[in-house]
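Step one of this worksheet: look at the structure below.
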Amino acid sequence: MSAILTCTTSTVVALVCASVPVPEVAPPPRVAHEVATFGSGCFWCSEAVFEQLRGVKSVVSGFSGGAVKNPTYKQVCRGNTGHAEVVQVRFDPSVISYAELLEVFWLSHDPTTKNRQGIDRGPQYRSAIFYHSDEQRDTAEEYRDKIDAARVYLRPLVTEISKFDAFYPAEDSHQDYFANNPTKSYCRAQIGPKVEKIRKVFAKKVK
């Protein structure tokens, strides 16, 4: 029995995430935007999911986590560059928090399957968070541990949580892929249903 996003799963994850205490510290000077980097399988899907959220300023598909500089899509697809397909999300923390982005991240893919998301297989499709600050790292690790402790999924999370090093944008043909190719079979079968599901679960957070 696979770990599939359901209404029950989404509710439990939301409750678990909400239970993570927020440190009582003096608010920092307002930042116009922050950056988050997530790998949740095919970046065509991830991009479409995060682009619809209020407070998200931009989403760029690309690659992180590997050793090869400026890799091409074809190179990464071979599975030997070490890179994961990721999206770099630029967001306004006064509108949507990093914690809320994490909630969407974990509910928009299966974080219990290693190097696989649905029909897409290979290390480039691994579940990964590349943190940009100690605060992002601590929040991601605490949420992951809470979700595992609550046994939200039948299997433990395999999400990689690593320090961000570099981001390499994918070719132009991979940017805004769902918006530009809504009638393609992959978009209709894989991306469209996922986008609609997230719109229903996070109705108050979408544009």
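None of the figures in this text is laboratory data; all of them are computed from the coordinates on show. For clarity, every value in this text was computed on a predicted model and none was experimentally measured. Note that we place each Cβ from the backbone using ideal geometry, even for glycine, and neighbour counts take in every protein chain shown.
The figures follow:
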read-out: Calculated FRET value between Asp165 and Glu196, using beta carbons and R₀ = 41 Å, to 0.05; value: 0.75
read-out: 222 nm mean residue ellipticity, helices alone, for the chain (DSSP H n ≥ 4; -39,500 (n - 2.57); rounded to 500); value: -9000 deg cm²/dmol
read-out: Gyration tensor verdict on segment 32-201 (Cα atoms; rounded if a/c is under 1.5, prolate if a/b is larger than b/c, oblate otherwise); value: rounded
read-out: Pairs of lysines in the chain (C-alpha under 20 Å apart; 8 or more residues apart or interchain); value: 15
read-out: Sorted peptide list for 112-121, 67-76, criterion being average Cβ within 10 angstrom, highest first; value: 112-121, 67-76
read-out: Order by protection proxy (mean Cβ within 10 Å, highest first), peptides 179-190, 130-141, 43-54; value: 43-54, 130-141, 179-190
read-out: Shape category assigned to segment 113-207 from the gyration tensor of Cα positions, a/c cut at 1.5; value: prolate
read-out: HN-Hα J in Hz across segment 99-112 - Karplus 6.51, -1.76, 1.60, θ = phi - 60°, x for Gly and Pro; value: 4, 5, 5, 4, 4, 5, 4, 5, 8, 9, 7, 9, x, 10
read-out: 10 Å binning of all Cα-Cα separations within segment 28-92, expressed as whole percents from 0 upward; value: 22, 45, 25, 8, 1
read-out: Ranked by how many other beta carbons lie within 10 Å on average, peptides 87-95, 32-40 from highest; value: 32-40, 87-95
